Structures are given as structure tokens and as C-alpha cells.
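Read the structure below first, then the notes.
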Amino acid sequence: MIRFSIDTTGLTRTVQTTGTITKIFWSDSDEVRTLTSSSYSIPPGFVYADSIIRYGSIPRTYDMDEGILCAEQTSGLFGVSSKMIPCGKFRARMINEE
């Protein structure tokens with residue numbers, strides 16, 4: 001297994017959805033319009049990339065599985081405990097420059 005880290009400035013993403021509920025012809029109510037949003041964020045700091053690495057089918061090459069990106073989330077009084085939260089995936093490949 002291989003793990004490397006990337007120092008990041010953080011990321012916040014907001015996803016908004018809108019929709020309209022159409023009035024039913026026998027109803028006396030008006031059309032209803034809805035708006036919802038969700039925010040996702042990765043705090044500033046290190047993002048860790050984990051993947052399994054193994055010998056390739058060609059000599060002096062390696063193969064990697066699809067990897068997982070994780071951010072460290074602290075909790076508790078003064079951030080005493082922490083856990084790794086998955087926040088994405090990545091794919092890597094070997095480039096042989098011989």
C-alpha cells in the first residue's frame with residue numbers, strides 16, 4: 001500500500017437544486033416552487049491519497065488500484081481525536097521514460 005499527502009488550501013462546494021410542483025387540475029392551490037442547497041467542504045490542511053500498489057505484468061513496472069482521497073477531521077475538546085473521512089477518488093498510472 002502507498003500513501004502520500006498533498007497540502008491543500010481547502011475547498012467548499014455548494015450544490016443547488018430547484019424544481020416546480022405542477023398544479024393538479026382539480027386543485028385550488030397554486031404551483032409550488034422549491035429551492036434546496038447542500039454544502040460540502042474539505043478543510044485546509046493535508047489530503048491523504050491511499051492506494052494498493054503491486055508489481056506489473058511487464059518487468060520494472062507497477063500497477064495501482066483506484067485510490068481513495070481522505071481528509072483528516074478533528075473532534076473533541078481542543079481537537080484531541082481525529083478520523084479520516086473519504087472525500088474523493090483518484091487514478092494513477094506509471095510513466096516509463098526510458
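Yes/no per residue for (1) loosely packed, with under 11 Cβ neighbours inside 10 Å; (2) within 17 Å of residue 45 (Cβ to Cβ):
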residue	(1), (2)
55	yes, no
58	yes, no
69	no, yes
74	no, yes
77	yes, no
84	no, yes
89	no, no
92	no, no
95	yes, no
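Quick one: in the range 3-41, of everything that is part of a loop (DSSP other than H, G, I, E, B), out of contact with any Lys or Arg (no Cβ under 7 Å at 6 or more places or on another chain) and of a type in the set (D, E, K, R), which residue is modelled with the highest pLDDT? Across the range 3-41, the extreme among qualifying residues is 28. The residues of the range 42-52 that are more than 16 Å from residue 83 (Cβ to Cβ) and in a strand (DSSP E or B), listed by number, are 49, 51. Identify all residues within the range 53-95 that are of a type in the set (A, V, I, L, M) and assigned to a loop (DSSP other than H, G, I, E, B); write none if there are none. Hits for the range 53-95 are 58, 80, 92, 94, 95.
The values are calculated or read from the model by the stated rules, or taken from the named source; none is laboratory data. Source: prediction; values computed, not measured. Using ideal geometry, Cβ is built from the backbone for each residue, glycine included, and neighbour counts are taken over all protein chains shown.
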